[in-house]
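**Q** Got a structure for you, questions after.
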Amino acid sequence: MFGIRTIAVGSVISLVTASLVGAATSANAVEWSSAAQISADASSTVQAQGAPVFAQSADGMTVTAVWRSDNATSQGVILANRSTDAGVTWQANPTQISDEASATVKAQTPVISASSDGDTVTVAWASRSGEFGEIYANRYVDGSWSGSPALLSNPADTNSRAGDPILIGSASGSAATVVWRTQVGASLGQIESNGFTDGAWANGPTLISLSTGGGANSTDVRAVGSTDGSVVTAVWRTISGGLGAVYANRFSASAWGGSPDLISAAAASTANAQSAPAIVTNPSGAQVAVAWQSGVSGNGQIVSSAFASGAWSGPELVSSAAASAANASAPKLVASTDLSSVTAVWQSRNVANGEVYASRRTAGTWAANPTLISVAAASSTNVQSLGQVASNPAGDTVTVVWRSYDQFNGEIYANRFSSNSWASATRLSNAAASNFQADEPQLSTSVDGSIATVAWSSNTQSFNREVYANRFDGTWSGVELISAPASSNARASSVAPGIVTTADGESTSVVWKSANSSFQGSVLSSEFSGSQWSDPVQISSPPSAAANALDPVTSMNTAKDRVIVGWPAQNASNQSAVFAAAVLTTQSLTFGSAPEVTVGGTGTVNAESNAPNATVVYTSDDPTACTVDGNTVTGLVAGTGNCTITAN
């Protein structure tokens, strides 16, 4: 980070400028803090299982990390650590927030939610007892974790296996709801929930789906909630007799509905819900949109239902009617904040090849016909997988990315909705030129959606990966290699790189794992700031047998100006610790007033950084005109604008 301040030097001094000058320099830059170990050292009894999960305060200053760690017999516990300076420093020792691991207590991967100030945190996880499971939670309140975790589900027995909790928090942290699926017997499932209100968890779970009586198997649950946590909507698929239907239940006025609502058509061969439902809601939770794939004689179509004014409407056909030439699957939904506009995007098979379609819901009605937003399907443009979809808060700018198999090569494509229409699909990669296989496009946008960046990895002919990016700022910039060129000693091994973008879109960071010739990993990053991508920067320890970094994860605060990156790392015995967490900050300098300085006299310059624990260093651009010691400027030669101080 750097900025410049120009000062006049003379017998009588006046302020020359009150703002940064010099268009060639910027007061904004991206910098990483030093990596910090947030777990205990790896050993036979401390073995982190995967990367940490983060929750950040709205301003990004308070961060909580949680992860699962196994002992020597693969019995897991949940550990937590906290930072109050945006992840630069952490508590010396993590806190165990689950019960002690044993043959009957095996904690699984946790989920986490934090209040907007980061001072209240809820963590939930499943714990296995043999083949049976329970759901637990712990809360950080008033500076400490609860002494013992709370059992949210029924105690596990030979007929009950709870797992895969979904956690809905609240901005204040005072309310939390956990929803999960419990397998009953050999294969049937039901959906249950427990909530934290009025300072306590409920005494036992609430059944919110149909019971498993009669052979109903509820699965594929999804849930969303209001900002204050007072309203939660859960949707799921229930299978009976081999046919699926979509149900919903809502938590409102401190209670779940007595019976779930059937929001799809009744299950039949012509209305067979076949995918997990996609769901979006508005901040109050009063409006909800849901979409899913419904099978008709072996082919799929996209169907939607909406909740508004206290009732469900629909179901409504969103795609074309199912046919062998229009076989739609697995929709994704994005929406405006107020849900006045909803966009559904899905993949459709045109007999042998794939295409991407979209439809928009405005004024409560879906468009009469969906829009083909990919290139028409052919053997040379065969959509293989739909990637990510992003919308701005107004819902009027949408970006979609996907992978297409073009004869022998994987290519990355994108399309954008703006100014009330879709553009033509754009190929972002150039894999065919080198016979590469581009994979797993990752999308990040500015808040207003006007700037979008897509990053992906590409497998070379020598089976070494590279990381590429393409950036939209009015037009797509063209594909750029942002990792080192692939070699036996520098191969990106993260199939899906992490990517984050600041609120204004001016700064983007892409993070990935790279392996050397001994297959020892390090975490690297490239930053787009100003007008170009930086060379890769190593943000983990140098790779070695004792420090083998694994795939990283990224987390960004809601203000979109602070990012945490975390990863596990293995020692020589293949035992993993949550070895490091790094902080990405978009730093800026704010100058105070320029001082009045006379020849032989002194003045003080001040520039404040928004980065935690940052030290600002001042230098004189022309030491013959003035010098600077610390932040004290001494004038040597009189003149207007001849003393320029650079802060960085």
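The values are calculated or read from the model by the stated rules, or taken from the named source; none is laboratory data. Since this is a predicted model, take the numbers as computed values, not measurements. Here Cβ is always computed from backbone atoms with ideal geometry, including for glycine, and neighbour counts include all displayed protein chains. Ligands, DNA and RNA are stripped out before the accessible areas are found, and what is left, the full protein with its side chains, is counted by its heavy atoms. Shrake-Rupley method; radii C 1.70, N 1.55, O 1.52, S 1.80 Å.
**Q** Give me the dipole magnitude in Debye, nearest 20, for the stretch 455-518 about the Cα centre, with unit charges on the beta carbon: positive for Lys and Arg, negative for Asp and Glu.
**A** In total the dipole reaches around 360 debye.
**Q** Right, something else. Starting from the exponent 0.38 and prefactor 2.2 Å, build the expected Rg for the stretch 69-130 from its residue count and divide its actual Cα Rg by it.
**A** In units of the 2.2 N^0.38 Å rule of thumb, it is 1.27.
**Q** Next question. In terms of modelled amide H atoms, which long-range or inter-chain residues lie less than 5 Å from the amide H of residue 318?
**A** Correct list: 302, 303, 304.
**Q** Let me ask something additional. Along the stretch 338-354, what does the Karplus equation 6.51 cos²θ - 1.76 cosθ + 1.60 (θ = phi - 60°) give for ³J(HN,Hα), rounded to whole Hz, x for Gly and Pro?
**A** Each residue of the stretch 338-354 in turn: 8, 6, 6, 9, 10, 10, 10, 10, 8, 9, 9, 8, 9, 6, 10, 10, x Hz.
**Q** About its Cα centre, how strong a charge dipole does the chain have in debye, to the nearest 20, once Lys and Arg get +1 and Asp and Glu get -1 at the Cβ?
**A** 1400
**Q** Amide H of residue 39: which non-local residues (sequence gap of 5 or more, or other chain) have their own amide H closer than 5 Å, using H built in the peptide plane?
**A** The answer is 578.
**Q** With charges only on Cβ, +1 for K and R and -1 for D and E, what is the dipole size of the stretch 282-410 about its Cα centre, in debye, rounded to 20? Kindly include the intermediate steps, with their values, before the conclusion.
**A** On the way: 5 positive and 5 negative charges, 25 e Å.
Here the size comes out at about 120 debye.
**Q** For residue 279, what is the net charge nearby, where nearby means another residue's Cβ is under 14 Å from its Cβ and Lys, Arg count +1, Asp, Glu -1?
**A** On the way: positive: 222, 237, 250, 332, 361; negative: 220, 261.
Summing Lys and Arg as +1 and Asp and Glu as -1 gives +3.
**Q** Same structure again: For the stretch 542-548, in order, what is each residue's ³J(HN,Hα) by Karplus, 6.51 cos²θ - 1.76 cosθ + 1.60 with θ = phi - 60°, in whole Hz (x at glycine and Pro)?
**A** Each residue of the stretch 542-548 in turn: x, x, 7, 5, 9, 8, 9 Hz.
**Q** Farthest toward the dipole's positive end in the chain, which of 449, 34, 92, given Cβ charges of +1 (Lys, Arg) and -1 (Asp, Glu) about the Cα centre?
**A** 449
**Q** Hey, can you find the accessible area per residue of the chain for me, probe 1.4 Å, expressed in square angstrom? Working shown, then result.
**A** Working: 25350 Å² over 648 residues.
Result: 39 Å² per residue.
**Q** Once amide H atoms are built 1.01 Å from N in the peptide plane, which residues 5 or more positions from residue 218, or in another chain, come under 5 Å H to H?
**A** Residues meeting the amide H criterion: 189, 190, 239.
**Q** How large, in percent, is the carbon and sulfur part of the accessible surface of the chain at a probe radius of 1.4 Å?
**A** That fraction is 48 percent.
**Q** Taking GluC sites (Glu not before Pro) as exposed when DSSP calls them loop (any state but H, G, I, E, B) and at most 15 other Cβ atoms lie within 10 Å, what is the longest stretch of the chain free of them, the sites themselves excluded?
**A** Looking at the chain, 132-648 is the longest stretch - no exposed GluC sites (Glu not before Pro) with at most 15 other Cβ atoms within 10 Å.
**Q** Within 10 Å, at most 15 other Cβ atoms, and a DSSP state outside H, G, I, E, B define an exposed site. Report the longest part of the chain free of exposed chymotrypsin sites (Phe, Trp or Tyr not before Pro). Can you show the working numbers first?
**A** On the way: sites that count: 408, 463, 519.
The reported range is 1-407.
**Q** I need the phi-derived Karplus couplings for the stretch 288-300: 6.51 cos²θ - 1.76 cosθ + 1.60, θ = phi - 60°, integer Hz, Gly and Pro marked x.
**A** 9, 10, 9, 9, 7, 8, 10, x, 10, 6, x, 10, x
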